[in-house]
Structures are given as structure tokens and as C-alpha cells.
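What follows is a single structure, written as C-alpha cells, with notes after it.
Readers should treat all values here as calculations from the given coordinates under stated rules, not as data from a laboratory. Quick caveat: nothing in here was measured; it's all calculated off a predicted structure. Reconstructed Cβ throughout: ideal geometry from the backbone, glycine too, with neighbour counts over all protein chains shown.
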């Protein structure tokens, strides 16, 4: 029994480690820019190509842990495990419980799906510019290198929307392009480039300006 629990815990450890590692490239940008250290937002972007494999590893590990927990148990001839202090025994029993196993599974799923709800962590930004002359409004298409998921999109959008003079901003990690509408008398393309690179760490390759 104790040996089976040990194996189950090892698989749990592998599963949660893989889940956390697979999600770093998505979670790090959000935490970095909201914490005011946006320059390191792209630090874990190199993990993105490994994400499917890490998710697969986590799924296998957690699946094995569930199998170990729910497979039919053999009869035990003798329970010779020495008695433990009450506090330690209670903690050990919880870690070895099926409830703890389900908690780890829920946490892992939440980590895997983080890119899909990461936008909820960003505060609403009022990008309205009072009495803006329509002749001063232009749109820029900015080509960005380093975005790998929807969390990256939210990070780039937030860095642009919190820049004075920006009216709207939407980005796509699939195309690597951010579309920004702004007041040219209040902010320049170079300032937009600087906002992205300094706050997120992603590299701006080029930009195109078109009047709106």
C-alpha cells in the first residue's frame, strides 16, 4: 500500500511540474506586465514549442496517478506501518487522498487553459481621447516577433492601450500583427514600438502607417 502511494505521489509530482512548466510561457507575460516588470514578459516564450509535449507528459502522469489511485487493491496481509503523530498522519492522509488527486487535476486544467481566460486579469482601460480631431487619427500595423498565444495578445494590447494617445489596439499572435489606432499629435509610431518592447520584451520588426 505504502509503495503504491509513493508511486502515485511521484506521478502527481511529474504531472503538476509539467503543467506548471507548460504554462509558464502564457502566465509569465501577464504577471510581468501587471507587476510592472513587463520587460521580462517574453522570458519563457522559448517554452512554447515544448508546450504540447509537456501537456502530453502531464496528462500521462496524471492518468497514471489516477490509475494507481482507483485500481482494485490487493488484500494486505499485515499493516505493520508504525504509528505517526496525529498532525503528521492527517497531513499525510490528505496528500495521499483521492480528493488531493482531483485538486491537482483541476489546477492542471486551469493552468493549461490559462491563455483562454487570461484577459480577465487585465483591468479595463479607457482609451478615449477627448476632442480628437479625426484628421489626426491614424492606424499602424505593427509586426511583432515573440507572441505565441492569446496571453501574449492581451499583454501587447494592454501595453498599447495604456499608452497616452492610443484609441484602440488589437493584436494577433497567429499573424504577429498588432493594429493600433491613435492620435498622431499625442504619440508617435516609435513611442508605440518602445511601449511594446520595453513593457513586454517582444521585438517590433516593422510597422506601417495608414490614415483613418
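Observations
- Inter-label distance for residue 70 and residue 50, nm, one decimal - labels placed 7 Å from Cα along Cα-to-Cβ: 3.0 nm
- Rg of the Cα atoms in the range 122-211, relative to 2.2 N^0.38 Å, amounts to 0.99.
- Stretching the chain fully between residue 208 and residue 188 yields a gain of 6.0 nm (0.36 nm per residue, less the alpha carbon separation).
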